[in-house]
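A.B. asks: Dumping the structure here so I can ask a few things about it.
The values are calculated or read from the model by the stated rules, or taken from the named source; none is laboratory data. It should be emphasised that the depicted structure is a prediction, and the values quoted were computed from it without experimental measurement. Quick reminder, even Gly has a Cβ in these numbers, built from the backbone with ideal geometry, and neighbours come from all protein chains shown. Calculation scope for accessible area: heavy atoms of the full protein, side chains included, ligands and nucleic acids excluded. Shrake-Rupley method; radii C 1.70, N 1.55, O 1.52, S 1.80 Å.
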Amino acid sequence: MIEVNAIYVLVAREFKKFIREKSRLISTIARPLIWLFLVGGGMSRLVSPGMGLMGGVTYIQFIFPGILGMTILFSAIFSSISIIWDKEFGLMKEILVAPVSRFSIVLGKALSGTIVSVIQAVIILCLFPLLGLKLGVLAIIETIIICTLLSFCIASLGIVIATFYESFESFSVIMNFIVMPMFFLSGAMYPVKMLPDILKVLTRLNPFTYGIDALKHAIFRDGGVFDFSIVTDIGVLLVTSIVFVLIAGTMFERKK
Amino acid sequence: MGAKYSYLPPFLLNSYMSIIKVENLVKKFGNLTAVNDISFEVEEGTIFGFLGPNGAGKTTTINILCTLLAPTSGRASIFGFDCTKQSSEVRKAIGIVFQDMTLDKDLTAYENLVFHAYLYDVKKSEREPRIKDALNFVDLYDRRNDLVKKFSGGMKRRLEVARGLIHRPKVLFLDEPTLGLDPQTRANLWDFIVDLPRKHKVTIFMTTHYMEEAEVCSKIAIIDNGKIIIVGTPDELKKTIGGDVIYIKTSDNKRAKLEIEKLFQVNVFEQDSELFLTSLKGDACIPEIIRALGDSVLSVRLQRPTLNDVFLKMTGKEIRVEEVSSGDTIKEEVRSYRRKFDRG
Ligand SMILES: Nc1ncnc2c1ncn2[C@@H]1O[C@H](COP(=O)(O)OP(=O)(O)OP(=O)(O)O)[C@@H](O)[C@H]1O
Ligand SMILES: [Mg+2]
């Protein structure tokens, strides 16, 4: 059962709060900018395009899809684990006693995280001319579609994580042991091929890797080095999204 | 007396329907038994009060009734719908004001109510008027566009009550609705809580540990350590104490004592040159006493047993010691609201 009104209002609430909280917007956009220009700028001196690993693009261009992914990863996870916040400050109870299926609640929350993340990713995407990238209309549209898919996938993963925690103290645990490893084991900052074998296995288990790879497909077109085909990437994102939503829905349904 | 707060016409009062049914309900958290085999029924259109000290199991019972917790054993149903198995029907029929605040502080009062209206799928044409009504009802219409974080405790509480009514529930749960409010605000909040059954055709299930608040309930269940100790109307509960005490001063106590003993066939005692007797219907005795004794009566006063006396007798402890001293003003305020209510 899907209650459209309930899903709509969950998304609308998140959107309204997002618009209202200027500091959250600024900080989520500042982080990728810092990484892009400070880390990317610094590393460019060490990594030359001639190395072949990156398919002839500069390092700062190479990490651009990764930085888009980072924007999404942080904002989608943050949006979803606000459920923990809601549990601690009670609004979750108001939502749970409403005659709304748990599945709709999960969808509403996942879409909330999606819309907020896509907005931020699009803002970062607008920087592409500064990095010397040339993107056509088709490339931009494809990038935005992939951003949406990836946002939904990460947001639903965030809900699954949130169902395990009761209090907000777990925030730093989630950041250090889930979000940071997901980011570094994804090919966002360096080609997966460079990693030792054991880490390579981990990157393959990380759904975020496939999102980054798909973004590389959309942005570099034929001029990049990819780890998987675009079909594999999209397939993995779709399947994991569905799995996460189902797990989250089941977890929500369980009563203590 | 509790029947006054029903919205049903008097001729229907005897054919009340039970809207909440709880049978042998048990809830264990590990080896702690929070609710220990309780049973009760709540009749439609009444105010049912759950009275008990901290940790008695009040909130746990509410959480089971409102489908947030599954009982360990036993049954609870609302309108015939099982609270565990038919949770979505139950959810549609109920509204709740939780013990802890559950508003979104970063939204305005108005937005919080809109959020609720959408969650409960209130018809589009009904949304605006209901929200406006609700805001007016709790006197927050002028503050509708303020963020909830700027509200005082009392305003938040009122907004929560208003929110709980937006979808026109059949049963409204109020978990310690006045906890932490100053006496003035508490009395104000009471003013409209007692009005709810009539104005909104809603049955109220509330918990409290304020004796004064329990007084206005149609029925009270006293709960302690997860067990219901006694259920009844406030008057019935007080009768378990043995009735009212009447104190009389006369110009001739000896003669008066004999007269009254002859009149009511009870023992009359004397203490500090004042006569006293207990009676189940104290107020009705007073005119008879005055008629019998005539001009020799100097003063008569009646002391009613309080729910506190009942609680003390049933559990052997005060419900919450620190409340007793500060209770007087509230008692007075609640009374004045009841008087107002009785007139209206
Ligand atoms: N989720 C839980 N896990 C473990 N124990 C719990 C849980 N919820 C309540 N309890 C315990 O169950 C007992 C009853 O708690 P409950 O909240 O129902 O009391 P209450 O009557 O509402 O008290 P108060 O007046 O303080 O609100 C308490 O001993 C409490 O510690
Ligand atoms: Mg409680």
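A.B. asks: Distances longer than 13 Å among the Cα atoms of segment B:242-304: what percent of all pairs is that?
C.D. replies: On the way: 1086 of 1953 pairs.
Counting every Cα pair in segment B:242-304, those more than 13 Å apart make up 56 percent.
A.B. asks: Compare A:Val137, A:Val57, A:Val39 in a GNM of chain A, Cα atoms joined below 10 Å, and give the one with the largest fluctuation.
C.D. replies: A:Val137
A.B. asks: Same structure, new question: Alpha carbon centre of segment A:215-256 versus segment B:238-294: separation in Å?
C.D. replies: Using only Cα atoms, the two centres lie 84 Å from each other.
A.B. asks: Can you list the residues, at least 5 places off or on another chain, whose amide H is less than 5 Å from the amide H of B:Lys227, using H built in the peptide plane?
C.D. replies: B:Asn36
A.B. asks: Give me the inter-chain shielding for B:160-167: mean count of other chain Cβ atoms within 10 Å, whole number please.
C.D. replies: Numbers: counts 1, 0, 0, 1, 2, 0, 0, 2.
Across the residues of B:160-167, the mean count of other-chain Cβ atoms within 10 Å is 1.
A.B. asks: Taking a quarter of the surface of the Cα convex hull of segment A:149-219, what do you get in nm²?
C.D. replies: Mean orientational projected area (segment A:149-219, Cα hull): 5.3 nm².
A.B. asks: Another question, if that's okay. Treating only the Cβ of Lys, Arg, Asp and Glu as charged (+1, +1, -1, -1), what charge dipole size does the protein assembly as shown show about its Cα centre? Round to the nearest 20 debye.
C.D. replies: Values: 72 positive and 63 negative charges, 226 e Å.
Its charge dipole is roughly 1080 debye.
A.B. asks: Relative contact order for chain B: what percent, with Cα pairs under 8 Å and sequence separation of 6 or more? Could the numbers behind the result be given before it?
C.D. replies: On the way: 610 pairs, mean separation 67.9, N = 344.
Once normalised by length, the contact order is 20 percent.
A.B. asks: Another question, then. Just counting partner chain Cβ atoms within 10 Å, what average do the residues of peptide A:94-105 show around their Cβ? Write out the running numbers ahead of the final one.
C.D. replies: Numbers: counts 13, 4, 5, 15, 11, 13, 6, 1, 0, 0, 1, 1.
The shielding value for this peptide is 6.
A.B. asks: Right, something else. Percent of accessible area on chain B owned by carbon and sulfur, 1.4 Å probe? Before the final figure, lay out the partial values.
C.D. replies: Numbers: 7590 of 15550 Å².
The value for chain B is 49 percent carbon and sulfur by accessible area.
A.B. asks: Mind checking which of B:Ala214, B:Ala93, B:Ala284 has the largest fluctuation in a GNM of chain B, springs on alpha carbons under 10 Å?
C.D. replies: Result for chain B, Cα springs under 10 Å: B:Ala284 fluctuates most.
A.B. asks: So, counting K/R as plus one and D/E as minus one, what does the shell of residues with Cβ under 11 Å around B:Gly80 add up to?
C.D. replies: With Lys, Arg at +1 and Asp, Glu at -1, the neighbours total -1.
A.B. asks: Please report the net charge: other residues with Cβ closer than 15 Å to the Cβ of A:Leu25, K and R +1, D and E -1. Walk me through the numbers on the way to the answer.
C.D. replies: Working: positive: A:Lys16, A:Lys17, A:Arg20, A:Lys22, A:Arg24, A:Arg31; negative: A:Glu14, A:Glu21, B:Asp106.
Once all neighbours under 15 Å are counted, the net charge is +3.
A.B. asks: With 18 Å as the limit, write out which pairs from A:Lys87/B:Lys27; B:Lys132/B:Lys170; B:Lys149/B:Lys170; B:Lys58/B:Lys227; B:Lys123/B:Lys149 have Cα-Cα distances beyond it, or answer none. It would help to have the intermediate numbers written out before the result.
C.D. replies: On the way: A:Lys87/B:Lys27 22 Å; B:Lys132/B:Lys170 20 Å; B:Lys149/B:Lys170 30 Å; B:Lys58/B:Lys227 10 Å; B:Lys123/B:Lys149 28 Å.
The pairs that break the limit, which is 18 Å between Cα atoms, are A:Lys87/B:Lys27; B:Lys132/B:Lys170; B:Lys149/B:Lys170; B:Lys123/B:Lys149.
A.B. asks: Place the peptides B:101-113, B:185-197 in order of packing, highest mean first, counting for every residue the other Cβ atoms within 10 Å and averaging per peptide.
C.D. replies: Numbers: B:101-113: 21.6, B:185-197: 19.8.
Descending mean neighbour count gives B:101-113, B:185-197.
A.B. asks: While we're on this one: Near A:Ile212, within a Cβ-to-Cβ distance under 15 Å, what is the net charge of the other residues, with Lys and Arg +1 and Asp and Glu -1?
C.D. replies: Working: positive: A:Lys193, A:Lys200, A:Arg204, A:Lys216; negative: A:Glu142, A:Asp213, A:Asp227, A:Asp233.
Neighbour charge sum, excluding A:Ile212 itself: 0.
A.B. asks: At 222 nm, what helix-only mean residue ellipticity would chain B give, in deg cm²/dmol to the nearest 500, using -39500 (n - 2.57) for each DSSP H run of four or more? Write down the numbers at each step before the final one.
C.D. replies: Numbers: 13 runs with 135 residues, N = 344.
Value at 222 nm, helices only: -11500 deg cm²/dmol.
A.B. asks: Which whole-number percent is the relative contact order of segment B:242-304 (Cα, under 8 Å, 6+ apart)?
C.D. replies: Details: 97 pairs, mean separation 33.6, N = 63.
Once normalised by length, the contact order is 53 percent.
A.B. asks: Using only protein heavy atoms and a 1.4 Å probe, how much accessible area in total is buried between A and B, to the nearest 100 Å²? Could you put the intermediate results ahead of the total?
C.D. replies: Numbers: alone 12290 and 16790 Å², together 26530 Å².
Summed over both sides, the interface buries about 2600 Å².
A.B. asks: Continuing with this model, one more query. Evaluate chain B: find the radius of gyration of its Cα atoms, find its Kirkwood radius, and give the ratio Rg to Rh. Can you show the working numbers first?
C.D. replies: Values: Rg = 23.0 Å, Rh = 22.1 Å.
So for chain B, dividing Rg by the Kirkwood Rh gives 1.04.
A.B. asks: Hey, another quick one. For chain A, take the longest principal axis of its alpha carbons; what is the angle in degrees between that and the long axis of helix A:22-34, to the nearest 10 within 0 to 90?
C.D. replies: Result, in degrees: 30.
A.B. asks: Can you give the relative contact order of chain A as a percent, counting alpha carbon pairs under 8 Å and 6+ residues apart? Intermediate values should be presented prior to the final figure.
C.D. replies: Values: 332 pairs, mean separation 66.7, N = 256.
Averaging sequence separation for qualifying contacts and normalising by length gives 26 percent for chain A.
A.B. asks: Moving to a separate point now. Hey, got the average number of other protein chain Cβ atoms within 10 angstrom for residues in A:13-24? Mind dumping the intermediate values first?
C.D. replies: Working: counts 8, 0, 0, 6, 4, 0, 0, 3, 1, 0, 0, 0.
So the per-residue partner count for this stretch is 2.
A.B. asks: Output ³J(HN,Hα) for segment A:238-248: one whole-Hz value per residue in order, computed from phi by the Karplus curve 6.51 cos²θ - 1.76 cosθ + 1.60 with θ = phi - 60°, and x for Gly and Pro.
C.D. replies: 5, 5, 5, 4, 4, 4, 4, 4, 5, 4, 4
A.B. asks: Size of the protein assembly as shown along its principal axes in angstrom, Cα-based, largest extent first?
C.D. replies: Extents along the principal axes: 121, 49, 43 Å.
A.B. asks: Sticking with this structure for a sec: Could you give the spread of the C-alpha atoms of chain A along their three principal axes, from largest to smallest, in whole angstroms?
C.D. replies: 60, 38, 34
A.B. asks: What list of ³J(HN,Hα) couplings, whole Hz, do you get for segment B:126-138 from phi and the Karplus terms 6.51, -1.76, 1.60, once you set θ to phi - 60° and write x for glycine and proline?
C.D. replies: So the J values, rounded to whole Hz, are 8, 3, 4, x, 5, 5, 5, 4, 4, 5, 5, 4, 9.
A.B. asks: Send over a whole-number figure in Å² for the accessible area per residue of the protein assembly as shown, probe 1.4 Å. Before the final figure, lay out the partial values.
C.D. replies: On the way: 26530 Å² over 600 residues.
Per residue, the protein assembly as shown has 44 Å² of solvent-accessible surface.
A.B. asks: For chain B, set up a GNM with springs between Cα atoms under 10 Å and report which of B:Thr59, B:Thr33, B:Thr306 has the largest fluctuation.
C.D. replies: Result: B:Thr33 has the largest fluctuation of those listed.
A.B. asks: Mind listing the long-range amide H neighbours of B:Gln99? Cut-off is under 5 Å, sequence gap 5 or more, other chains count too, H placed in the peptide plane at 1.01 Å from N.
C.D. replies: Those qualifying (amide H under 5 Å, at least 5 residues apart or on another chain) are B:Asp175.
A.B. asks: Over 23 Å between Cα atoms, which of A:Lys93/B:Lys105; A:Lys22/A:Lys216; B:Lys156/B:Lys219; A:Lys93/B:Lys85 qualify?
C.D. replies: Numbers: A:Lys93/B:Lys105 14 Å; A:Lys22/A:Lys216 30 Å; B:Lys156/B:Lys219 27 Å; A:Lys93/B:Lys85 19 Å.
Long pairs (Cα-Cα over 23 Å): A:Lys22/A:Lys216; B:Lys156/B:Lys219.
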